[in-house]
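One structure is given below, encoded as structure tokens.
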Amino acid sequence: MTNMVALHYPKHANIKVQQAQVEAVGAKQHIIPVVVSEFAKLIVHYPIVFTQNDETGEFKSFALTGFEEGENLFWQGGRWNGIYIPIQIERHPFFVAQEKTGEGKAKHTICVDSSSNAISEEEGDAIFDNQGKATTLLKEKKQMLAQWVDGQSHTKAFITAMQKYDLITPLSLDIVFLDKSKTIVNGLYTVDEDKLAALDAQALKELQQEKWLAPAYTVVASNAQIYNLIDRKNKAMEHGKAWFN
């Protein structure tokens, strides 16, 4: 259960953040929400996929980190084994709350989850210095939050563009691992590479002008990281087998 409170100095003057506990937030997440501005970094590790809400039909973008519920193949030995960690994980224990002002405008407030295991007054990195100014850590967290908030509408627009040209297509995974076990993963979607390549000049021009062409091809290219996930799964199985032997 989270307990969101507005971040305020001096009330939170002694708060420290333990990075290991921040990363642990994603330990059992097999899909993690991501935004378009992350795609170029995500591709170093993760397949970028879409899922569709059964009730609304809305698509959202995710980084795939495992093949089944509760499985994050990047969580190894009590730490995140990867160069880049998605913003949705890294921003913890901070969140953005939105409220409307008297003029009806949206106002964003940075909040901290006071119940988070990443929060401590004894261990970790401080978020305020002795003068009450934000430390480098807090500044980085604020930048992540801003990127996440801005990225919501940007990503929605990208997905709308993909739908406009019927470029979102189902991605069914039927995988056989080294131990001969099998898994079938449904409910995922990707960008249709063949349809993308077959778009006419006007469509390509529009996508290029809106800067959607690069992220579309990034999603396509990220499919290759499925093999990376399979390799991680195989190694995890071998490690478990060796441990029991």
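The values are calculated or read from the model by the stated rules, or taken from the named source; none is laboratory data. In this text the structure is predicted, and so the values were computed from the model without any measurement. When we count neighbours, we look across all protein chains shown, and the Cβ atoms used for this are built from the backbone with ideal geometry, even at glycine. For accessibility, only protein heavy atoms count, side chains too; no ligands or nucleic acids. Shrake-Rupley method; radii C 1.70, N 1.55, O 1.52, S 1.80 Å.
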On the accessible surface of segment 166-245, probed at 1.4 Å with all protein chains in place, carbon and sulfur together account for a percent value of 53 percent
Give me the number: length gained by fully extending Q131 to A106, i.e. 0.36 nm times residue separation minus the C-alpha to C-alpha distance, one decimal in nm. 6.0 nm
Within 10 Å, at most 13 other Cβ atoms, and a DSSP state outside H, G, I, E, B define an exposed site. Report the longest part of the chain free of exposed trypsin sites (Lys or Arg not before Pro). 29-104
Accessible area per residue of segment 1-134 at 1.4 Å probe, in Å²? 54 Å²
Between A106, A24, A161, find the one with the highest GNM mean-square fluctuation for the chain; connect C-alpha pairs within less than 10 Å. A106
Cα centroids of segment 112-174 and segment 1-58: how far apart, whole angstrom? 6 Å
Under 19 Å from the Cα of K195, which aspartates and glutamates turn up, not counting those fewer than eight places away in the same chain? D166, E206, E210
Ellipticity estimate at 222 nm from DSSP helix runs (n ≥ 4, -39,500 (n - 2.57)) divided over the chain, nearest 500: -10500 deg cm²/dmol
With a Förster distance of 51 angstrom and the Cβ-Cβ distance between A214 and E71, calculated FRET efficiency to the nearest 0.05 equals 0.95
Tell me whether segment 4-243 comes out rounded, prolate or oblate; compute the Cα gyration tensor, take square roots of the eigenvalues as a ≥ b ≥ c, and use a/c under 1.5 as the rounded threshold. oblate
How would you classify segment 76-202 from its alpha-carbon gyration tensor, with a ≥ b ≥ c the square roots of the eigenvalues: rounded for a/c under 1.5, else prolate if a/b is greater than b/c, otherwise oblate? oblate
Cβ-derived FRET efficiency at R0 41 Å, Q202 paired with A236, nearest 0.05: 0.30
Round to a whole number: what % of the accessible area of segment 1-77 belongs to carbon and sulfur, probe 1.4 Å? 49 percent
At what distance in nm do the modelled label points of Y9 and T183 sit from each other, each positioned 7 Å from its Cα along Cα→Cβ? 4.4 nm
Entries of K16/K41; K141/K211; K107/K142 with Cα pairs more than 18 Å apart: K16/K41; K141/K211
